[in-house]
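Here is the structure we will look at, set down as structure tokens.
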Amino acid sequence: MKVSLIGTVLNGAGHVDEFIASLAAQTVRPDEVVIVDGGSTDGTAERLRVAEGVTVILEPGANISRGRNLAIAAAAHDVLAVTDVDCILEPDWLQQLLVPIDDGADVSMGFYAPITDGLLQECLAAVNLRLDASEVDPRRFMPSARSVAFRRDALEAVGGYPEWLDIGEDMWVNHRWRELGLDMRFAPAALVHWRLRPTLGGVWLQYFRYARGDARGGMHPERHALRYGAYAGALLASRSDRRLPALAALGAATAYARTPVRRAWRRIDDPGGRAAAMVLVPALMGWIDTAKMAGYAAGLADRGRRR
């Protein structure tokens, strides 16, 4: 089975050498690697070009969707593996990712784990990531383009990556695949490692953009409506003179934070760090939720202007 590995990058010089090294260490090597550079100014393209077997296409200004579509159009093979150049691939990543495809699946859904540096990032990882494959329901899992493989005709069936969508493009494709009933199988051992945002401002912007992409792409409206409703209810309860609504809101908030807090407790060994995480995790959940609510509202406004 011939496989093309494709990816996109923009100003990734700080991490590209780690990516290249992990690519070279694969137990099963791709038959070709095609990377689209969206206009890097830090020498990323030059570093990629010296790597064995890597083809670099320069497309300044291309968003991720456009870059992936260009890479796929240039790829020679009908099985396509996708990752990002800022990821580090486990040595058997591609080997594991191709197992479901070799068995007849249309889409192989790999897994990903965060690279964390310090308490803040440990807590961020606990808030919004499944940190263990046992948390995944393969029937509902939506893969990230950090770790996915598919047959070319699977992507052609949904018209390629949506170039009108700047972010959330992989989730949009996932939804279309689910609607078509394609054979999507989970490959938990196909693991890549990726970096979390290092600052609170970067985290806020990241989730603002994710939610804006959800609104523009018509994704997860029920989930966002529930978030607005929950926070509106909590605000009303906090202003109530009655104790029962306020206690109910506190109970709901505790239940909401339970799983992320449990994840952080498992990941952090230091007792002081654990104690801090009990406060930091709920605070980060609120921080990220404000970003999502603001982003979703902005995305709905974008859709309204387009109409």
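The values are calculated or read from the model by the stated rules, or taken from the named source; none is laboratory data. What you see is a predicted model, and the numbers here were worked out from it, not measured in a lab. Every residue, glycine as well, gets a Cβ built from its backbone with ideal geometry; the counts of neighbours run over all protein chains shown. When the accessible area is computed, the model is the full protein with side chains, heavy atoms only, and any ligands, DNA or RNA have been set aside. Shrake-Rupley method; radii C 1.70, N 1.55, O 1.52, S 1.80 Å.
Can you say whether GLU18 is at pLDDT 95 or above, under 27 Å from TYR210 (Cβ atoms), open to solvent by 10 Å² or more (accessible area, probe 1.4 Å) and among the charged types (D, E, K, R), as far as the supplied structure shows?
yes
Filter segment 94-116 for residues that are closer than 17 Å to MET1 by Cα and either in contact with a Cys (Cβ under 9 Å, 6 or more places away or on another chain) or small (Gly, Ala, Ser) (or both); which is surrounded by the fewest Cβ atoms within 10 Å (Cβ to Cβ)?
For segment 94-116, the residue satisfying everything is GLY104.
Results for (1) within 27 Å of MET1 (Cα to Cα); (2) surrounded by 14 or more Cβ atoms within 10 Å (Cβ to Cβ); (3) within 16 Å of the chain's Cα centre (by Cα), shown as yes or no for each residue.
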residue: ARG130; (1), (2), (3): no, yes, yes
residue: ASP137; (1), (2), (3): no, no, no
residue: SER144; (1), (2), (3): yes, yes, yes
residue: SER147; (1), (2), (3): yes, yes, yes
residue: ARG152; (1), (2), (3): yes, yes, no
residue: GLY159; (1), (2), (3): yes, no, no
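Counting only residues that are farther than 23 Å from ASP153 by Cβ and open to solvent by 30 Å² or more (accessible area, probe 1.4 Å), segment 62-83 holds 1 of them. Considering the conditions (1) open to solvent by less than 30 Å² (accessible area, probe 1.4 Å); (2) in contact (Cβ under 8 Å) with a residue 60 or more places away in the chain, ASP86 is excluded by exactly one of them, (1). Restricted to segment 268-307, and to residues there that are closer than 19 Å to TYR207 by Cβ and without any contact (Cβ under 8 Å) to a residue 24 or more places away in the chain, the residue that is most open to solvent (accessible area, probe 1.4 Å) is ALA283. Which of the residues belonging to segment 253-267 are open to solvent by less than 60 Å² (accessible area, probe 1.4 Å) and more than 23 Å from the chain's Cα centre (by Cα)? Those that are open to solvent by less than 60 Å² (accessible area, probe 1.4 Å) and more than 23 Å from the chain's Cα centre (by Cα): ALA253, ALA255. Among the criteria (1) assigned to a loop (DSSP other than H, G, I, E, B); (2) buried (at least 19 other Cβ atoms within 10 Å of the Cβ); (3) small (Gly, Ala, Ser), the one ALA125 does not fulfil is (1).
Look at (1) of a type in the set (Gly, Ala, Ser); (2) in a loop (DSSP other than H, G, I, E, B); (3) touching a strand residue (DSSP E or B) at 6+ places or on another chain (Cβ under 7 Å) and you find that GLY160 fails only one, number (3). On the stretch given as segment 1-15, residues that are surrounded by fewer than 18 Cβ atoms within 10 Å (Cβ to Cβ), of a type in the set (A, V, I, L, M, F, W, C) and closer than 19 Å to LEU97 by Cα total 1.
Residues in segment 165-207 that are at pLDDT below 95, of a type outside the set (Ser, Thr, Tyr) and open to solvent by 40 Å² or more (accessible area, probe 1.4 Å): ASP166, ARG195, ARG197, PRO198, LEU200. State which residue is modelled with the lowest pLDDT when the search covers only segment 29-61 and only residues that are surrounded by fewer than 16 Cβ atoms within 10 Å (Cβ to Cβ) and aliphatic (A, V, I, L, M). If we take residues in segment 29-61 being surrounded by fewer than 16 Cβ atoms within 10 Å (Cβ to Cβ) and aliphatic (A, V, I, L, M), then VAL50 is modelled with the lowest pLDDT. Candidates in segment 10-68 are the residues that are part of a loop (DSSP other than H, G, I, E, B) and touching a residue at least 60 places away in the same chain (Cβ under 8 Å); of these, the one that is farthest from HIS193 (Cα to Cα) is ASN63.
Condition check ((1) part of a loop (DSSP other than H, G, I, E, B); (2) under 25 Å from PHE19 (Cα atoms)) across all residues:
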| position | (1), (2) |
| --- | --- |
| ILE167 | yes, yes |
| ALA189 | no, yes |
| HIS193 | no, yes |
| GLY201 | no, no |
| TRP204 | no, no |
